[in-house]
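Report on one structure; see the data block that follows.
The values are calculated or read from the model by the stated rules, or taken from the named source; none is laboratory data. Every value quoted in this text rests on a predicted model; they were computed, and no experiment measured them. Cβ placement follows ideal geometry from the backbone for every residue including glycine, while neighbour counts extend to all protein chains displayed. The area values use the complete protein model at the heavy-atom level, side chains included, leaving out ligands, DNA and RNA. Shrake-Rupley method; radii C 1.70, N 1.55, O 1.52, S 1.80 Å.
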Amino acid sequence: GIPYIRFERASLVYGDHPRLTVVASYEEAALEAKRRKGSVMLTTGSKTLPIFAGHLIGDPDIRLVARMLPRRDNMEKCEELGVEQKNIIAMQGPFTRELNEALYRQYGTTVMVTKESGRIGAVDEKVETALQMGIEVILISRPELEFGTVFTDYEGVLGQLEESAR
């Protein structure tokens with residue numbers, strides 16, 4: 001009987017861009033990247049790295065570049081999965097448009113994989129920059145779940161809390 005209130009970053013709308021492919025899962029994204037080949041920059045973090053490494057590492061036509069937080073456990077995971085040091089970008093964002101562009105150029109990125117995390121997650125900068133540079137983007141959509149009371153702004157959450165307190 002306890003009310004559940006959820007705060008969720010607002011989704012972004014990218015339209016029908018020909019270089020943007022929206023998929024429903026990490027597995028689907030990995031298979032799509034495998035089909036496309038090239039220099040694949042993964043920006044989904046370390047938790048999903050095993051899925052992508054399993055599909056992409058070892059293919060001579062694919063360079064997997066992993067962008068993740070600069071933590072020891074992440075570097076150990078990369079080593080265990082066979083991600084070469086030269087293909088690891090260990091940095092903490094948020095990243096500016098200019099830095100995203102420089103990283104895409106430095107690694108010769110042809111495919112960028114990201115997950116939908118909303119504007120606060122800086123996904124819009126990654127996606128817009130990649131698309132402007134002619135890079136294919138694979139965007140993993142959020143699962144569609146019914147949570148009941150959901151807000152995309154803090155004011156809505158606070159208003160609901162005040163209402164519930166009465």
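What pairs come up if the first residue lies in the range 19-30 and is modelled with pLDDT of 95 or more, the second is open to solvent by 30 Å² or more (accessible area, probe 1.4 Å), and their beta carbons are under 7 Å apart, counting only those six or more places apart or on different chains?
Close Cβ pairs satisfying both conditions: Tyr26/Ile51; Glu27/Ile51; Ala30/Ile51; Ala30/His55.
Restricting attention to the range 133-166, report how many residues are at pLDDT 90 or above and surrounded by 12 or more Cβ atoms within 10 Å (Cβ to Cβ).
7
Residues that are of a type in the set (Ser, Thr, Tyr) and open to solvent by less than 20 Å² (accessible area, probe 1.4 Å): does the range 46-67 have at least one?
Scanning the range 46-67 turns up at least one residue that is of a type in the set (Ser, Thr, Tyr) and open to solvent by less than 20 Å² (accessible area, probe 1.4 Å).
Name every residue in the range 78-106 that is open to solvent by less than 30 Å² (accessible area, probe 1.4 Å) and among the hydroxyl-bearing types (Ser, Thr, Tyr), in order of residue number.
Within the range 78-106, Tyr104 is the sole residue that qualifies.
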